[in-house]
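*Asks:* This is the structure, below, for whatever I ask next.
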Amino acid sequence: MKLDFTRFFPVVYQVYPFDDYKIYLYFNDGSVRLFDVKPYIKKGTVFEPLKDIEVFKKTATVINGTAAWDLEGNRDEYNCIDLDPFELFNSPKVKDPLETDE
């Protein structure tokens, strides 16, 4: 089924970061998608603090309905690093890495 983006707005419900600067994203349509943040992490950009993998993983969260990094720890929707949910939604669908066969 193709979604009608005039009526559907992708919302991220959960973010799960990995050691390779990739994040698994759980969306409001039930899909799980994989996004590579590494190309964004460049010197002199807003993403530069995420180069430290521990910062990348520990501060990853959901703010404003999308993947975000809360560097200050206060969940301020105006003072975070976030990504466009439509851009994230265009990333490949994948199997849920947290799903078990039990």
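Nothing in this text is a laboratory measurement; each read-out follows from the coordinates by a stated rule. Not measured: the values here are computed from a predicted model. Ideal geometry is used to build each Cβ from the backbone, glycine not excepted, and the neighbour counts take in all protein chains shown.
*Asks:* Non-local amide H neighbours of residue 67 (under 5 Å, H modeled in plane, Pro and chain starts lacking H): which ones?
*Replies:* 83
*Asks:* What percent of all Cα-Cα pairs in the stretch 34-92 falls in each 5 Å bin, counting up from 0?
*Replies:* 4, 19, 29, 28, 17, 3, 0
*Asks:* Find, among the chymotrypsin sites (Phe, Trp or Tyr not before Pro) in the stretch 1-91, those assigned to loop by DSSP (not H, G, I, E, B) with at most 10 other beta-carbon atoms within 10 angstrom.
*Replies:* The qualifying sites are 5, 78.
*Asks:* Follow-up. Under 8 Å for C-alpha pairs, at least 6 residues apart: give me the relative contact order for the chain, rounded to a whole percent.
*Replies:* Reported relative contact order: 26 percent.
*Asks:* If you put +1 on each Lys and Arg Cβ and -1 on each Asp and Glu Cβ, how big is the dipole of the chain around its Cα centre, in Debye rounded to 20?
*Replies:* 320
*Asks:* How big is the C-alpha Rg of the chain next to the rule-of-thumb value 2.2 N^0.38 Å, as a ratio? Spell out each step's value before the answer.
*Replies:* On the way: Rg = 13.8 Å, N = 102, 2.2 N^0.38 = 12.8 Å.
Against the compact-globule rule of thumb, the ratio is 1.09.
*Asks:* In the structure displayed, which of 22/93; 51/95; 38/95; 22/43 lie more than 23 Å apart, Cα to Cα?
*Replies:* 51/95
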